[in-house]
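The values are calculated or read from the model by the stated rules, or taken from the named source; none is laboratory data. Small disclaimer: the values here were computed from a predicted structure and weren't measured. Backbone-built Cβ (ideal geometry, glycine too); neighbour counts: all protein chains shown. With ligands, DNA and RNA removed, areas are computed over all heavy atoms of the protein, side chains included. Shrake-Rupley method; radii C 1.70, N 1.55, O 1.52, S 1.80 Å.
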Amino acid sequence: MTAAMAVRAARPGDAARILRLWHRGWHDAHAALVPPAVLAWRDPEHFRIWRAAAAGPTWVAADPRILGMVAVTGDELSRLFVDRAARGTGVAGALLARAEDALRAGGTARAHLFCTAGNDRARRFYLRRGWRIAATFDSPLWVPPGIDLRIAVPTHRMTKTLLP
């Protein structure tokens, strides 16, 4: 983590940078783990659709560049992505801590997240920080409205107790 880096609430002016980071990060972590047909629906426009539909707060790590982002939805840590250049610098840990603090402050006793099986870097990261695999199941992937296709991939549901 750089000395000038701060974790703060995402601002409207961050949207384009968050989308670029999320798009690149998703492809880095997931492109090899999903059927190739899914990649046609993982272009920047579809990430804009996902972002518009996402509920819950988002935070960014910035220096002032956007180095990473994290979001929560209800009791779920729903998105954590870090720019390639910032991986291994503590940015992910700072973002995860911010999200866990927000979940705790909101009264979440037991949080959860979903991690695609095969995303070993993410799985190891979460395990080191006290998250545990509660279940592994086939999770349906998002496809655009009007597409009559169901694709599922093995996914870990991970949990962490945040409050006694």
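For this structure, a couple of remarks:
- Computed Kirkwood radius, in angstrom, where 1/r is averaged over Cα pairs of the range 123-164: 12.4
- Between 154, 12, 140, the GNM of the chain built on Cα springs shorter than 10 angstrom shows 12 fluctuating the most.
- Normalising by residue count, the range 69-147 has a Cα convex hull of 124 Å³ per residue.
- Mean separation of Cα contacts under 8 Å (6+ apart) over length of the chain, as relative contact order %: 22
- Computed in the context of the full set of protein chains, the accessible area of the range 10-79 at 1.4 Å probe radius has 61% of its extent on carbon or sulfur.
- Surface per residue (accessible, 1.4 Å probe) for the chain, Å²: 51
- Radius of gyration (Cα atoms) of the range 1-47, expressed as a multiple of 2.2 N^0.38 Å: 1.44.
- Assigned charges on the beta-carbon of Lys, Arg, Asp, Glu; the chain dipole about Cα centre (debye): 400
- Protection proxy ranking, highest mean first, for peptides 90-96, 25-31: 90-96, 25-31, where packing is the per-residue count of other beta-carbon atoms within 10 Å, averaged.
- Approximate shape of the chain as ellipsoid semi-axes (Cα gyration tensor, √5λ), whole Å, largest first: 24, 20, 15
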